[in-house]
Every structure is written in structure tokens, then in C-alpha cells.
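Step one of this worksheet: look at the structure below.
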Amino acid sequence: MAKLELRDLNKTYTPTSVPVKDLSLSVEEGEFLTLLGPSGCGKSTILRLIAGLEQPTRGQVMIQGRNVSSLEPGERNIAMVFQSYALYPHMTVHENIASGLKLRKLADSDIQQRIAETAKFLGLEDLLDRKPSQLSGGQRQRVAVARALVRRPDVFLLDEPLSNLDALLRERVRAELKQLFSAQKAPVVYVTHDQTEAMTLSTKVAVLYDGNLQQLDTPQRIYTLPANQFVAGFIGSPQMNLLTVPCQGDYALLDEMKIPLSAGARGQSKVVLGIRPEHVRLSELEDLNSIQGTIYLVENLGMHNLLSVRLKNQPPETLRVLLPTEQTWSGETINLSLSVEHVHWFDANSGKRL
Ligand SMILES: Nc1ncnc2c1ncn2[C@@H]1O[C@H](COP(=O)(O)OP(=O)(O)O)[C@@H](O)[C@H]1O
Ligand SMILES: [Mg+2]
């Protein structure tokens, strides 16, 4: 039985504002599911529906096989960590961590023991008497996580919990969260617009766009087998090149370069060709199956240069290419070929993977 299951969950505010469109998915024990998508795509609304802070227009939230849709938030045994942390400013760290437990009417000795364990686990022992205003951003974040952990809930919900931290701290806390939650049995539903967080933390990722589930898969499969053009363009940095190209027989044509179509892509008059910048290669001038282009921008990313190359096709399009920084570039005309086994094909109208 799934720990958490959403059945045809829908939230309609107005006919033009439908942030959750008949979403069905399940999360098992020990799983870490990330809801990933651009701002405004409905991620927080989904969490709020699971938590009971919003009522669905249609559909059900099931926890351990039980329909909790009509239960109040306090009756669902769910713990939520908000982006703002939502700590009580007038309470100490100890009182903040205890607040969720007091509401649940636990015995005082139980409460003290759980807080001591959790504070030790998260390295908060020396901070228990401080107020939130006397803590750094990273420490506040940890108190918010402690307040969730101490509850021992059936499901953890986290809404962009790292977005208020600076880049270095975010990387460290991300690793901490991964360790912390991999030791928990209760499943996690984590919301972010940051693909690195989604890729590094999750056992499964749900990519959302405009209230619709685009793909639900492991991070690896989302990256290597994107289900459609949206996922292909959203996952991966630098972004995948996506070019609309004509087809001829079993090949797509990019200027004079012929690229063999996948079985599913044959028979179309045009298709969208997807290729990641790391899968474009420099090739020799005498390589007949290559395309020429002129470099018009070089971005140094440390280990690699990201070259923007204007192709000789008509109308001219840009191909972005990732190359090691050993070689320096400026404005040359170069020859490029594609690593054929890494080409993705998408339907030119629906955007679906072919
Ligand atoms: N109370 C509301 N009334 C009408 N529209 C709302 C309400 N709350 C959220 N929305 C809309 O729902 C959409 C999704 O919001 P949200 O779930 O917060 O997105 P995300 O967390 O992915 O950034 C947004 O377009 C937002 O404007
Ligand atoms: Mg949000």
C-alpha cells in the first residue's frame, strides 16, 4: 500500500486559474519525490492540498490507504517545512521544536526526550535557548527541519526549504538533507524550481508545467529520456539544443548534415532535434557529415567553454557546444558533428518524444 497517493487531484480557482489538473501519483515508504517546475506551475498548491491547508475541487488524498481529504491539517500526521521556515519569533528554539508536539498532547517526558534526540541529530544542542532572531539562516533552516522530524509524521512535505540560503550554504545543507531523509522511512515530497536540487536529492522527480504532470521518473531517466520537449529544455544546464529540422527518408537534415532518425521519428516531414551541448563534437573539415558554423559568443564555465555557434543552415540557427577550456576561441568558423546516439527526437507539433 502506498504511503501517499493522489487520485485525480484537481484545484480550480477560476476557469483560467487551474494550478492542479487531475494529478495522480503515489509515493512509497523511503521515497523522496520532488515536484519540479517553473514558478507558478502549481507546486505549492499540491503540497497545500496534501497538507489540508487547501481543499481540492475534485479528487482525493490518500495516506496509507485512508482517504484524508476531509480531515483537518492537524488530523493528517503530516509535517511541513515552509520556505519562510515559519518559526515563532517570540519562542526559543526549544519551544519552537516542541510546539508541534504540544499540540498533539504527548507526555512531557516524551517531548523532552524526542527534542533532545533531534537536537543532537541536527547539532542544535547549544542553540536551544536562543530566539530565531539570534540564529543564522542555516540554523533557522535546521530548526524548521527539526520541528518536522521530531513529529515522526507519516509524510514529510518541504516547500523550497533552501531558497533563502546563499549558494555555498545551500550546497552544504542540500547534502545534509539528503543524508537526513535517507535515514527516514516516511516518504518526502519536496518542492523546488531548482533542477540541481531535484536531480541530487530525489529518488523520483515529477516535472510539472502549467498544472500538468509532464514526466514522473528517476532523475537519471528524466535526464537521458525526457518525455517531451518541455522536459528536455527544462532539465540540464547548459540547456539542450532544440532545432526544428526537415526530414528526408530515414534522415533529418541540418544543412548538408544527414542524421539518422529513430524508428519512431520516421515518416514525419519535420521533427525537433534535441542534442545537449556536451554531445556536439568538433570535427575535421573533410568530415562530410558535419556542419559549419561561426563562433559568436564564448562563455567560460571553468572546466568548459560554452560556445554559441551560428550555423550555416537557412535561416541560420544557433548550436551551443561545450568544449574543454584548454583551447581558446574567438570568432572562428568551425566544423561540428553530433554524437548520433545522444540525439533526441520530438514531434514538431505535440512536442512528444518520438
Ligand atoms: N488563492 C488563489 N486564488 C487564485 N489563484 C491562485 C491562488 N493561489 C494560487 N493561485 C495561482 O495558482 C498558480 C500556482 O501557484 P503555486 O502553486 O503557488 O505555484 P508554484 O508553487 O509552482 O510557484 C499560480 O498561477 C497562482 O497565481
Ligand atoms: Mg511555490
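Laboratory data are not the source of any read-out in this text; all were calculated from the coordinates shown. Every value quoted in this text rests on a predicted model; they were computed, and no experiment measured them. Note that each Cβ is placed from the backbone with ideal geometry, even for glycine, and that neighbours are counted across all protein chains shown.
Compute the distance from the alpha-carbon center of segment 70-134 to that of segment 186-253, in whole Å. Centre-to-centre (Cα) distance: 36 Å. Taking the DSSP beta bridges with both ends in the chain, the antiparallel portion is around 75 percent. For segment 4-234, what's the relative contact order in percent, using C-alpha pairs closer than 8 Å and at least 6 residues apart? It rounds to 28 percent for segment 4-234. Taking the centroid of alpha carbons for each part, segment 16-55 and segment 302-354 are 35 Å apart.
Largest GNM mean-square fluctuation across PRO246, PRO15, PRO260, computed for the chain with C-alpha springs under 10 Å, falls on PRO15.
Each principal axis of the Cα cloud of the chain was taken in turn, and the coordinate range along them, longest first, works out to 79, 46, 33 Å. In the chain, the longest principal axis of the Cα atoms and the axis of helix 108-121 are about 30 degrees apart. Stokes-Einstein, applied to the Kirkwood radius of segment 241-347 over Cα pairs at a viscosity of 0.890 mPa s and 25 °C, places its translational diffusion at 173 µm² s⁻¹. Counted over all Cα-Cα pairs of segment 125-274, pairs farther apart than 24 Å make up 50 percent. Potential lengthening of the chain between GLU286 and ARG66 amounts to 72.6 nm, from the contour at 0.36 nm per residue minus the alpha-carbon distance.
Peptides 162-168, 142-148 ordered by packing proxy, namely the average of other Cβ atoms within 10 Å per residue, highest first: 142-148, 162-168. What the phi angles of segment 21-37 give under the Karplus curve with 6.51, -1.76 and 1.60, with θ = phi - 60°, is a coupling list of 10, 6, 8, 10, 6, 9, 10, 9, 3, x, 7, 10, 9, 10, 8, 10, x Hz, glycine and proline written as x.
Considering helices alone, the calculated mean residue ellipticity of the chain at 222 nm is -6500 deg cm²/dmol, with DSSP H runs of length four and up weighted by -39500 (n - 2.57) and normalised per residue.
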